[in-house]
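Right, one structure below, let's go through it.
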Amino acid sequence: METSLSTAGNLPEKTRIRAPLALSGQDFKLLKVFKAVVEAGGFSAAQNELNVGLAAISKQISDLEIRIGMRLCSRGREGFSLTEEGQVVYQASIELFNSVDNFRDRISSAQNELIGELGVGAIDNTLSDRGSPLIAAIRQISSDHPKVRVRLNVAQLDEVERGVIEGRFIAGIVPLYQRREEFDYFEMYQEASALYCGEGHPLFARSDADIPLDSLREHNFVHHRYAMHTAKWQFFDQENNQTSATQVEAVAMLLLTGNFIGFLPCHFAQSLVSQGRLRAIHPEMVRFHTPFCLILRHNTPRSPLVKTFAQAMGVDLRLPGT
């Protein structure tokens, strides 16, 4: 679907000096629609988020392109994609709305009232983890500060980290495998993981006493690609195990085939163990712990909303992890 801008031939020349853009209330509305479309991955996917029809979304994006004089995206049979200018406008819109939220936070803080959007990214497959303070923290904030809009996104590790870097999330809840210079880390608790096999595996019906630790190398092992714990390789041959998975749930699915052994968080595996579909192997000896951290973008101001959320999570922002 072409826009009015792309068909009218009225794209401004790159060398022409344009007057500074004076943002109006309507511009803010159009930028919010554009931001929502990008984050949804296209016009159709954004309909539920924006609660408007496809034609209305298309017109608003066209209006924005005409307003700022740049083509922002391509959409058609090849799918939705941003132009280079669209990438610039999208990143600038993130910074713009973050600045607006920070302004609102500071004013509301002066008025002893907390408002704004609490955008948090959390690693997937942690719903069953009773050690996580996230649910209790959101319950507290939504009760104590009813004008705060909570936006919780559950995703894979790389998506949560990318969201924090880009400013889509003000904070992330992630396991700590290796530190990145883009973040400040605040450790909250430790997640325990143990070794499991599924029903039908040769080790499933054997007692731990009949399973020598050295014999674990003889079995096919599922490597969780994100969980970069060097300790696990004392039990397995890294080069001889090519089976891998990128998510905890994917690891569990492979274990349930009865053809593999592998590590799972104990809280995630508990229900499958109770159902008799998985069993732990030497759980007191073959296990490790993963720190879970609140991450914030490095060297960015901590708004009152961020400070309140961190406090609810049991984190002292004066004591970043080392």
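The values are calculated or read from the model by the stated rules, or taken from the named source; none is laboratory data. Just so you know, these numbers come straight off a predicted model, no measurement behind them. Note: ideal-geometry Cβ built from the backbone for every residue, glycine included; neighbour counts use all protein chains shown.
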Checklist entry - Does at least one position in the range 112-124 carry a residue that is within 28 Å of Ala312 (Cα to Cα) and part of a helix (DSSP H, G or I)? => result no
Checklist entry - Just for the range 274-298: of the residues that are in contact (Cβ under 8 Å) with a residue 40 or more places away in the chain and assigned to a loop (DSSP other than H, G, I, E, B), which one is nearest to Phe186 (Cα to Cα)? => result His298
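Answer yes if at least one residue in the range 249-260 is closer than 30 Å to Phe97 by Cβ, modelled with pLDDT of 90 or more and of a type in the set (Asp, Glu), and no otherwise.
Taking the range 249-260 first, the residues closer than 30 Å to Phe97 by Cβ are none.
No, the range 249-260 contains no residue that is closer than 30 Å to Phe97 by Cβ, modelled with pLDDT of 90 or more and of a type in the set (Asp, Glu).
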Checklist outcome for this item: Every listed condition ((1) surrounded by fewer than 15 Cβ atoms within 10 Å (Cβ to Cβ); (2) at pLDDT 95 or above) holds for Cys293 save (1)
Checklist entry - If you check Gly198, Gly163, which single one turns out to be touching a Leu at 6+ places or on another chain (Cβ under 7 Å), crowded, with 20+ Cβ neighbours inside 10 Å and touching a residue at least 12 places away in the same chain (Cβ under 8 Å)? => result Gly198
Item to check | Matching option when the condition is modelled with pLDDT under 95 and not assigned by TED's automatic domain parsing to the domain that holds Val37, among Phe204, Phe236 | outcome: Phe236
Next on the checklist: Anything in the range 26-80 that is in contact (Cβ under 8 Å) with a residue 24 or more places away in the chain and in a loop (DSSP other than H, G, I, E, B)? List them, or say none.
Outcome noted: Gly41, Gly42, Phe43, Gly69, Met70, Arg71, Leu72, Arg75, Gly76, Gly79, Phe80
